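A short write-up of the structure that comes next.
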Amino acid sequence: MTILYIIIGVIVLFVLWAVVAYNSFVSYVNRTKEAWADIEVQLKRRYDLIPNLVNTVKGYATHESGAFEKVSEARSRAMQAGTPADKGEAENALTGTLKSLFAISEAYPDLKANTNFLELQRELSDTENKIQAARRFYNGNVRDLNIAIESFPGNVIAGVFNFSKMELFDLADNDVAQQPVEVKF
């Protein structure tokens, strides 16, 4: 009879551990998805600022249409990217085109003094900072989830319930609006 109680006790402890482990994975996954949603909110804010910035620069530099088209194309690609790796690559390309837009602004002193341009530049810089904070939060959650999936005995539960690793969101650490722009003549 005592052996039966011990076996039942071990089974109950195992089931309780499995439930706690499963719930931990669910929590990790949901926190990671929430963190990704935070990144998407900030990226949308960035995407919404870019047309205004382009239009402001266009008012002063109408003959720079090639640069404006590149920014628009890069913005479109970034908005359509799906996975964190694709989105990171597209965002880095967008950052490069925005740098060229700010390089154009260097040639127009009236534009650099325009309050609308300065406000858009400040908002873009603020958004870039929020994107970086959201990216760090997301990557921290992904790290925790991936460690739990790879560690024993959690990897057993992760394998049984098909929890899979998620990928980090890497961006070049660029603050577009604050980076010094290299102008070549």
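Just so it is clear, none of the values below were taken in a lab; they were calculated from the coordinates. In this text, all values refer to a predicted model and were calculated from it rather than measured experimentally. Every residue, glycine among them, receives a Cβ derived from its backbone with ideal geometry; neighbour counts consider all protein chains shown.
Efficiency by 1/(1 + (r/R0)^6): what FRET value for Tyr108 and Tyr47, r their Cβ-Cβ distance, R0 = 22 Å, to the nearest 0.05?
On the way: r = 24 Å, r/R0 = 1.10.
About 0.35, to the nearest 0.05.
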Table column - 3J(HN,Hα) (Hz), the range 160-169, Karplus curve with 6.51, -1.76, 1.60, x for Gly and Pro: 5, 9, 6, 7, 10, 5, 10, 9, 6, 10
I'd like the FRET efficiency for Thr115 and Asn92, computed as 1/(1 + (r/R0)^6) with the beta carbon distance as r and R0 of 30 Å, rounded to 0.05. 0.50
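Relative to the Cα centre, what is the charge dipole magnitude of the chain, using +1 at the beta carbon of each Lys and Arg, -1 at the beta carbon of each Asp and Glu, and rounding to the nearest 20 debye? Write out the running numbers ahead of the final one.
Working: 19 positive and 23 negative charges, 59 e Å.
The calculated dipole for the chain is roughly 280 debye.
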Take the Cα gyration tensor of the range 1-107, multiply each eigenvalue by 5, square-root it, and list the three semi-axes largest first, rounded to whole angstrom. 56, 10, 8
Between Glu167 and Val15, with labels modelled 7 Å along Cα→Cβ, what's the label distance in nm to one decimal, could you check? 4.1
Take every Cα pair under 8 Å in the chain that's 6+ residues apart, average their separations, divide by the length, and report that relative contact order as a whole percent. 32
Qualifying lysines (Cα of each under 22 Å from Cα of Lys165; at least 8 residues distant if same chain): Lys33, Lys87
If amide H atoms are built 1.01 Å from N in the plane of the peptide, which residues on other chains or at least 5 residues away come under 5 Å of the amide H of Met166? Asn146
1/(1 + (r/R0)^6) with r = Cβ-Cβ of Ser65 and Ser151, R0 = 45 Å, i.e. FRET efficiency to nearest 0.05, evaluates to 0.25
Fully extended, how many nm does the chain gain between Val26 and Asp126 (0.36 nm per residue separation, minus their Cα-Cα distance)? 32.8 nm
